[in-house]
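> Before I ask anything, here is the structure I am working with.
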Amino acid sequence: MYRVRKVVAVVAAAMLASGSATISACAPQPADVGLLKADGVTRVSVQAADYPAQREALNASARKLGATLLADGGDAANGNVVSSPASLLFALGMLRAGASGETAAEMDSVLALPIEGRDEAMNAVLAALEKYDGDPGSVDEDDPPRKPVMHAANGLFVDKGIPTGKDFLATLAKHYGTGVYPVSFQDEAATKPAIDQWVSMNTGGRIKEAPAKYDPDNTFSLLNALYFAAAWQTPFDANDTSDQPFRKAGGEVVSVPTMHGGLSMAYAEGVGWKAVDLPYAEGFVMRLVLPDGGTPGSESPAAVSPEVLSDAAARLGRAAQDMVQISLPKWDHKTTFDLRRVFETLGLKETLATDTDFDVIQQGMKLTQAAQAANVTVAEKGTIASAVTQVNAKDSAAMIPDREIVLDHPFHYQIVHVETGMPLFTGWVADPR
């Protein structure tokens, strides 16, 4: 019999920041921890266009994850929620690479992951984002860059004394570009700062440390980091920002700083909603979905279901550019989630319970803790956001507008990569304050 030990199974960190975008599966490394590469394994070169069906399956999975996170709400204040379904999806994708048996089947079914080409499609999405790679630490968040910075990084910290499956490590290296950092989890004074430094470096310092409490019995910590920074294609004029009424759920009206502009963007309407794709300077949009106000259910995230988001994405993709008069509040929100509760809601029961189906990773590995922390700031020049996901385990302009959208009551938003359609961040604004 093997001894049951604790393992940090997955940490995913994601960050969105105003002004530019970067993504790299092999990002800045902690200074005091050596990086090992899988012998003889190099990352496979793929194109997103080669996996259209799998890519759409991943987007649908991310929309489902986003809806579940928003419905859960975490510890959201005043009903405001921000999350990163893409970060969670990449983390679960890497975890799935080490799953077998009933757990693998459950993850494929619940998350609707593609059976064939799953890891290749994940690699393709990451590769498509890499054209915007950059150093998060170089971004001046007060003056967002015109070319987005979209940075993604994957890292794996493993205990020196615990064997980790070679096939699992090879898959992460081949499709996720993940290097391995051998550490001693018993040595908290050295290992905790190394993990926190990795998180901070790959999120431009917006996230200082991994969200789960450090446990010296851990033997495995898998991380994904996303950092996005982008200026709007047409910045809002700060002189046009003014306090405007915003009707909260329940009818209370509050006064909030609201940006105004007449901009060219895709506009679509459906039964009970209207939506726009507010463009960043290049490659990304903020998708804003406004439920009709005053109707039953329109004041909660459930008003914008994955089906509505799919419909909105399809209609916006076909829509011609219109001049739209938009009134958009500024907001600065943060949320923390207990992801074990989210996994239970999704139906990942075997994933939480098994102590055998992750043996490909480490013998007897069992998930024990999962969390995500996220934040977002939206203002005249652009957007800043960040998120960290952690799963612990033990082994065991002056034209008359054609359209108008006034976001003066609760609404849904996403940060979407245009080429792949991947929703990187998603949220619900119940009170912009």
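> Taking the condition surrounded by fewer than 23 Cβ atoms within 10 Å (Cβ to Cβ), at pLDDT 85 or above, more than 22 Å from MET122 (Cα to Cα) and in contact with a helix residue (DSSP H, G or I) (Cβ under 6 Å, 6 or more places away or on another chain), does PRO216 pass?
Against the criterion (surrounded by fewer than 23 Cβ atoms within 10 Å (Cβ to Cβ), at pLDDT 85 or above, more than 22 Å from MET122 (Cα to Cα) and in contact with a helix residue (DSSP H, G or I) (Cβ under 6 Å, 6 or more places away or on another chain)), PRO216 qualifies.
> Take segment 72-106 and flag every residue that is among the polar types (S, T, N, Q) and under 15 Å from the mean Cα position of the chain (by Cα).
SER83, SER84, SER87, listed by residue number.
> Is it fair to say MET94 is in contact with a Leu (Cβ under 7 Å, 6 or more places away or on another chain), within 30 Å of ALA190 (Cα to Cα) and crowded, with 16+ Cβ neighbours inside 10 Å?
Considered against the rule, which asks whether it is in contact with a Leu (Cβ under 7 Å, 6 or more places away or on another chain), within 30 Å of ALA190 (Cα to Cα) and crowded, with 16+ Cβ neighbours inside 10 Å, MET94 comes out as yes.
> Continuing with this model, one more query. Restrict the check to segment 371-379 and report whether at least one residue is among the small types (Gly, Ala, Ser), buried (at least 22 other Cβ atoms within 10 Å of the Cβ) and within 19 Å of SER61 (Cβ to Cβ).
yes
> Pick from GLY251, GLY204: which is touching a helix residue (DSSP H, G or I) at 6+ places or on another chain (Cβ under 7 Å) and either at pLDDT 95 or above or assigned to a loop (DSSP other than H, G, I, E, B) (or both)?
One residue alone meets the criteria, GLY204.
> Residue check: is ALA212 in the same structural domain as GLY98 (by TED's automatic domain parsing) and more than 30 Å from HIS417 (Cα to Cα)?
No: the conditions fail for ALA212.
> A follow-up question, please. For segment 238-273, what are the residues that are more than 19 Å from LYS381 (Cβ to Cβ) and out of contact with any Asp or Glu (no Cβ under 8 Å at 6 or more places or on another chain)?
ASP243, GLY251, GLU252, VAL253, ALA268, GLU269, VAL271
> Can I ask one more? Could you grab me the full set of residues in segment 134-162 that are under 20 Å from SER200 (Cβ atoms) and part of a strand (DSSP E or B)?
Scanning segment 134-162 gives VAL149, MET150, HIS151, ALA152, ALA153, ASN154, GLY155, LEU156, PHE157.
> Give the residues of segment 219-237 that are outside any loop (DSSP other than H, G, I, E, B) and either within 17 Å of the chain's Cα centre (by Cα) or modelled with pLDDT under 85 (or both), sorted by residue number.
Filtering segment 219-237 for residues outside any loop (DSSP other than H, G, I, E, B) gives 220-232.
Those that are outside any loop (DSSP other than H, G, I, E, B) and either within 17 Å of the chain's Cα centre (by Cα) or modelled with pLDDT under 85 (or both): PHE220, SER221, LEU222, LEU223, ASN224, ALA225, LEU226, TYR227, PHE228, ALA229, ALA230.
The values are calculated or read from the model by the stated rules, or taken from the named source; none is laboratory data. Predicted model only: the values in this text are computed from it and were never measured. No Cβ is skipped: glycine too gets one built from the backbone with ideal geometry, and neighbour counts run over all protein chains shown.
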